[in-house]
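Read-outs: derived from the displayed coordinates by stated rules, not from any lab. Note that the structure is predicted; figures quoted are calculated from it, not measured. Cβ coordinates were reconstructed from backbone atoms using ideal geometry, including for glycine residues, and neighbour counts include every protein chain displayed.
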Amino acid sequence: MAFGKKARPTVDKDGAALVMRGRDYLADFSGQLGLGIMANLVGQLQYFYTDKVGIAVGSVGIVMAIAKIVDALTDIWFGNIIDHSKGGNMKYYKWMLRMAVPAAAITVLIFTVPIGAGQLPAVLYALVTNLLITAVIYTMIATPFSATMIVRTQSQQERGKMGIYRAVGNYVSGMVIAIATIPVTNMLGGTQLAWIKYGAVMALVVLLTLLICYRNGSKAMRKAAEETVQAMPEEEPVEFATAVKCLFGNKYWVIVLLFNLITSVSTAITSASGAYYCKWIFGNDNLVGIIGALGLLSTVLGFALSNLIIGKLGIQRTIYMGLLGYAASCALRCFVPTNLPVYAVSGLIGSFLQIPLMCLYGVLLAMAVDYNEYKYDKKLVAVSSGAIGFGSKVGNGLGALILSGFLMLGAYDATLTEATTSMRVAIYGFSNYLPIVLNVGMFLIFRGFDLEEKLPAMRAEVEKRHTKNEEN
């Protein structure tokens, strides 16, 4: 060893082996970036359908809700398929390679709605392409990708770091879509063709990021297998009905399911509400890009401080801070809903407070899966990941349906040049008031998640069982 060079630790503070390298984290970032672009583009479709294509508001809400519900069911089904498949830990990465080209293709096709053929063909096309991008292609990539955090390492330290890289990838994709979509498509003419061109560029990015993730991730997995350093051996599959029964018997998994469900409702509404707010309250939808660009500072600061915040507060209190902090920032807007500086600043504060929370999504799932092993002697990796995706996607569908409900109650009319009073009330409702209710509700639910301090003792007990079984 070179003089003065500090030896790299081989275990974390809990004694779990450290197996990750820099390229593994970058592979995670890249994969989540591609998935995030797809998901965030879907989040822009409601505005695209109503204001750029001209599909009726009610039809859009039904399309988005149906697509998300079907999408959620395919998560559980596909997770069960993965758990019953062979191939060791490499099986989780192969789907990324298989679906990379279809993912790029559907990223363009979602914008080629044949509105000239009439409302019914346009609605049917929107439904089919939504089902393809979410229920089929995205699911076949995201479900196994989510499971890689669990099978790759048992170290909470490394899982936490993976969570940060994934959160960065997801947030960067969200920021890119939020900042670029409206200004770029308006610069290209603001028509449907402009959105198709924009989708083609995003499709190339999706293809590249997924291939990078597959290459680096699969290479790391092969090396781990050669060195016999796999984080977790492949376990015997469990019947689907039994697996689902076990999951709902795990209160921590149920809490994580509800956490994903409710936060996904909030995220779906928030991602779509900005364009409506800027267009009808401030009179310029290009402000979405400007406000998003201003948010880069709080984003960078949030990710830079995430490790420090999580280390200082712990998992549970970090989540409390994110939920209550975001609710407080929305409450501030309720007092001065037409004030642009307050809208922008409150959004920056809320985003900053939620960034550490975003870094913990995968960690919470991994903890719930570890509890499966403690309680049932089975981790149920892929079906746990897929069923959590069920909560996320049902939440996204409910979010779209709720947003459409608000717009319908507000008698939304995209052809007007100025918002009516009812339209303004509806926009204030889903942008400012509803997030308060959702985040406070999630805070109350999450108070039952007390696994953080119990986990080391549970792992020690599981290790004793394994040792005893090997001796017998």
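Points worth noting:
- Taking the Cα centre of the chain as reference, the dipole from Cβ charges on Lys and Arg (+1) and Asp and Glu (-1) amounts to some 760 debye.
- Over every Cα atom in the chain, the radius of gyration and the widest Cα-Cα span, Dmax, amount to 22.3, 77 Å.
- The peptide list 27-34, 312-319, put in order of mean Cβ contacts within 10 Å with the highest first, becomes 27-34, 312-319.
- Selection from 65, 153, 260, by position along the positive dipole direction of the chain (Cβ): 153
- Sequence ranges 355-365, 116-126, 100-110, ranked by mean other-Cβ count within 10 angstrom, highest first: 355-365, 100-110, 116-126
- Highest average first, the peptides 185-197, 275-287 ordered by how many other beta carbon atoms sit within 10 Å of their residues are 275-287, 185-197.
- Summed residue charge, Cβ within 13 Å of residue 310's Cβ, Lys/Arg positive, Asp/Glu negative: +3
- For the chain, calculated [θ]222 nm from helices alone, where every DSSP H run of n ≥ 4 adds -39500 (n - 2.57): -26500 deg cm²/dmol
- Span-like helix ranges in the chain, DSSP H, alpha carbon extent 20 angstrom or more, Kyte mean at least 0.0: 22-47, 57-83, 91-109, 156-187, 192-226, 251-280, 287-335, 340-358, 361-376, 381-409
- Here the Kirkwood formula, the inverse mean of 1/r across different C-alpha pairs, assigns the stretch 272-371 a hydrodynamic radius of 14.7 Å.
- Space enclosed by the convex hull of the alpha-carbon atoms of the stretch 315-431, per residue, Å³: 126 Å³
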